[in-house]
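The values are calculated or read from the model by the stated rules, or taken from the named source; none is laboratory data. Bear in mind the structure is a predicted one, so any value in this text is a computation, not a measurement. For neighbour counting, all protein chains shown are included, and Cβ atoms are generated from backbone atoms with ideal geometry for every residue, glycine included. Note: areas computed on protein heavy atoms with side chains; ligands, DNA, RNA excluded. Shrake-Rupley method; radii C 1.70, N 1.55, O 1.52, S 1.80 Å.
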Amino acid sequence: MARQRIFSGIQPTGIIHIGNYVGAIKNWKALTDTYDCIYCIVDYHAMTIEYNPSSFFENIMAAARTLIACGLEQDRCLLFVQSQVPEHTELAWIFNCLTPLGDLERMTQFKDKSRQHADNINAGLLTYPLLQAADILLYKAELVPVGEDQVQHIELTRRTARRFNNRFGMVFPEPDELLSITPRILGTDGQTKMSKSMNNYIGILEPPETIKQKLLTAATDPQRIRRSDPGDPDVCNLFTMHKSFSPPEIIQQIAHDCRTAGIGCIQCKETLFAYIMDELSPIQQRAAELERTPDLVRATLEYGAQRCRNIAQQVMEEVRKKTGIR
Ligand code: AMP
Ligand code: TRP
């Protein structure tokens, strides 16, 4: 039987942080063992907010290096840049013409970004989720591994597939989101989702000293003020990170020691730091190697783009026939 297809994407915003890693990318690698996986660097999505054209290409290359270093090598999956497969924007246009404005105005991310970028509420920011729907449906993907903040967009993708199929005839399956065990990581402030724009992130390629410093000063359970106060691991962002990086027996031990004030937050953080670096050190090394071999990175992206173009062209043929374009 053919393997089920997975599709996911990430914006080339210049940094990949621990939220991206444990919310999505770590899963992306694991899924390559059992699924047919396609991963995309979504440069067109990144153009919906203010960006610098002169560093854009380097940001794309940096994202590619980081993703390959995380294990998304060419022999495991297809990795490519969205703008290299023009069918994405072509299909997005058709979805634009099928979708009521109200559906887009309701999107939480649109509302958040409209607040954050009040001086640049462009049409792309509004139709962003339809380009995302096109990314996914162009490959007839059935599963989409993402963090929690993307669930609403995947729901809209399902609705878009349904709308298209009802209007023009069956073409697209309705995909499901696939969440990791830690689908929402807070920033080092412990207040909002870890994100580059909030400057509360820990980059996975940051020097170990920086990662340690950021962890040591990160917010923990706010009820735990003195070393002797028992804490609640379920409300502590650092414990969420433990769940993703530490072995099961350590996770249990940490939860117990936190609840009984057996250890303080500093010790908990030092243990976490050691496990994080166990996992990130080889990734950092591989990323540094890839920086010295840009041709290999470009070849990986080109291989991915070629294969994806083939798939995308076939699906667009179907779409064109159904929609009467020809
Ligand atoms: P982005 O950087 O917005 O393109 O996000 C790439 C992937 O990382 C998406 O699947 C997001 O849902 C996921 N992600 C981003 N921030 C977080 C976070 N703080 N916690 C968990 N997942 C996240
Ligand atoms: N909107 C997603 C984010 O900000 C990125 C993205 C674009 C995506 N296209 C996608 C994720 C397709 C999954 C599938 O994280």
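Below are the figures for this structure:
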quantity	calculated
Apportionment of accessible area to carbon and sulfur, segment 208-287, percent (1.4 Å)	55 percent
Acute angle (nearest 10 degrees) that the helix 265-292 long axis makes with the longest principal axis of the chain, alpha-carbon atoms	40 degrees
Segment 33-117: trypsin sites (Lys or Arg not before Pro) in DSSP coil with no more than 16 other Cβ atoms inside 10 Å	ARG76, ARG106
Unmatched cysteines, the chain - criterion: no other Cβ of a Cys under 4.7 angstrom	CYS40, CYS70, CYS97, CYS236, CYS258, CYS265, CYS268, CYS308
Euclidean distance between Cα centres, segment 11-50 to segment 222-289, Å	24 Å
Sequence-distant lysines (8 or more away, or on other chains) whose Cα lies within less than 26 Å of LYS196	LYS26, LYS29, LYS111, LYS113, LYS212, LYS214, LYS243, LYS269
Beta bridges by DSSP in the chain, antiparallel share as percent, to the nearest 5	10 percent
Segment 208-287 - charge dipole about Cα centre, Lys and Arg +1 at Cβ, Asp and Glu -1, debye rounded to 20	200 debye
Only Lys, Arg (+1) and Asp, Glu (-1) charged, at Cβ; the chain dipole about Cα centre in debye	660 debye
Simple spin-label estimate for GLN267 and GLU58 in nanometres, 7 Å along Cα-Cβ	4.5 nm
C-alpha long axis of helix 248-259 to longest principal axis of the chain, angle in °	60 degrees
Simple label model, 7 Å out from Cα along Cβ direction - SER114 to GLU318, nm	3.4 nm
Among ILE250, ALA62, ALA219 the positive-end extreme of the charge dipole of the chain (Cβ point charges)	ALA62
FRET E, pair ASN199, ARG326, Förster distance 56 Å, beta-carbon r, rounded to 0.05	0.70
Apportionment of accessible area to carbon and sulfur, segment 35-128, percent (1.4 Å)	54 percent
Angle between the chain longest axis and helix 87-96 axis [Cα atoms, degrees, rounded to 10]	80 degrees
Where the chain is the region considered: accessible area per residue in Å², 1.4 Å probe	47 Å²
Extension gain (nm, one decimal) between GLU148 and ILE181, 0.36 nm per residue minus Cα-Cα	10.8 nm
